[in-house]
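I have placed the structure first, in the form of structure tokens, so that the comments after it can refer back to it.
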Amino acid sequence: MKIWYQAYNVSARLDPKWRYFEEACERYVPKIARPDTEIHFSWVEKRAPKMTLSKYIQYMHVGQVIESAVRAEREGFDAFVLGGMRDLGYSELREAVDIPVVFMGETSYLLACLLAPKFALIHTDEVPLQDAMALIKKYGLDDRCLPGVHIGYSHTDLIAACESEPKRVISEVEAAARIANKQGGASLVTGFAALSVFLAEQGIREIDGVPILDSQAAVIKAAEMMVDFRKLGMPKPKKGPLFDLSREDIQTARRRYGLE
């Protein structure tokens with residue numbers, strides 16, 4: 001089985017601030033995959049300032065991700081995994097390719113609902129927490145999710161702190177988790193992929209008896225499951241608002257817009 005793991009951030013080669021996350025994923029993710037599963041890591045080439053704050057910039061940014069998915073399918077990969085919690089390009093990616101596309105945010109929130117009646121989110125800062133809560137509502141899971149908490153970091157500042165001050169980050173996550181636990185959460189989800197892989201590598205699986213979902217494991221195992229379903233004869237849905245297009249329709253559009 002071949003899985004393409006696509007991040008939304010640039011590689012450490014282009015921006016060293018992302019080095020810790022890139023290296024942590026490359027260390028950890030292959031360990032949780034099946035022995036016969038091959039993981040290919042891919043990072044975007046461009047990331048504009050304020051991408052996480054602007055829908056227009058996200059629209060421009062996600063084109064790189066879609067082209068990676070098209071390439072993955074053409075190169076024979078069995079599934080395409082999004083290694084970020086924002087689930088950008090959700091509809092577009094599922095239209096663009098026939099192989100399973102597995103989103104880390106959606107998978108994590110659905111699995112959290114399997115683990116417990118209510119889950120709580122621990123995020124980096126207030127604005128991304130609000131965005132995550134809006135996404136959870138979009139998925140129809142807002143009645144299963146508590147208000148959530150954040151620890152007051154930008155994404156790159158948190159990555160730097162995970163590497164330079166891991167004990168402090170763990171302490172701050174534990175304090176935030178205890179606030180969430182008092183709200184009644186019975187499982188915890190980290191809203192930032194880098195925080196998830198950091199806690200997994202540190203061996204932090206629960207706080208005061210409340211499990212922390214491993215989003216990296218969730219998305220890889222979901223991808224393996226989706227490939228298994230395809231092998232069992234379960235095809236990609238062909239009806240509905242996301243699927244009422246033929247491959248010919250997609251190829252015609254790609255040629256018209258100069259992508260082929």
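Bear in mind that the values in this text are calculations on the coordinates, not laboratory data. Please read all numbers here as calculations on a predicted model, not as lab measurements. Cβ atoms come from the backbone with ideal geometry, glycine included; neighbour counts cover every protein chain shown.
At a glance:
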read-out	value
Sparse-neighbour loop sites [trypsin sites (Lys or Arg not before Pro); region 86-177; at most 16 other C-beta within 10 Å; DSSP]	LYS118
Long-range HN-HN contacts of MET85 with modeled amide H, under 5 Å	ALA193
For the chain, convex hull of alpha carbons as volume per residue, Å³	133
Peptide ranges 125-136, 185-196 listed from the most packed, as the mean C-beta count within 10 angstrom indicates	185-196, 125-136
Note, ³J(HN,Hα) from phi for region 87-102, Karplus 6.51, -1.76, 1.60, rounded to Hz, x at Gly and Pro	6, 5, x, 4, 6, 4, 5, 6, 6, 6, 9, 9, 5, x, 10, 10
Electrostatic dipole magnitude of region 3-123 [Cβ: Lys, Arg +1; Asp, Glu -1; Cα centre; debye, to 20]	580
Magnitude of the charge dipole, the chain, Cβ model with Lys/Arg +1 and Asp/Glu -1, debye to 20	400
In region 1-97, the GluC sites (Glu not before Pro) that fall in loop regions by DSSP, at most 15 other Cβ within 10 Å	GLU45, GLU75
Check: region 106-215 dipole with +1 on Lys, Arg Cβ and -1 on Asp, Glu Cβ, in debye	360
Spatial extent of region 106-215: Rg and Dmax, with the Cα atoms as the point set, Å	12.7, 38
Interchain or long-range residues, amide H under 5 Å from GLU38's placed H	LYS2, ILE3
Beta bridge orientation in the chain: antiparallel %, DSSP, nearest 5	10
The chain: angle of helix 166-182 to the longest principal axis, Cα-based, in degrees nearest 10	90
Degrees, to the nearest 10: 215-231 long Cα axis against longest axis of the chain	30
Neighbourhood charge, 13 Å Cβ-Cβ cut-off, centred on ASP125 and excluding it, Lys, Arg +1 and Asp, Glu -1	-4
Links that overshoot a 23 Å alpha carbon limit, given the list LYS50/LYS118; LYS118/LYS231; LYS31/LYS221; LYS138/LYS231; LYS50/LYS221	LYS50/LYS118; LYS118/LYS231; LYS138/LYS231; LYS50/LYS221
Leading residue at positive end of dipole, region 106-215 (Cβ point charges), from ALA180, PRO117, TYR153	PRO117
Bridge type composition, region 106-215 - antiparallel percent by DSSP, nearest 5	20
Loop-located trypsin sites (Lys or Arg not before Pro) in region 1-41 whose Cβ has at most 11 other Cβ within 10 Å (DSSP)	ARG13
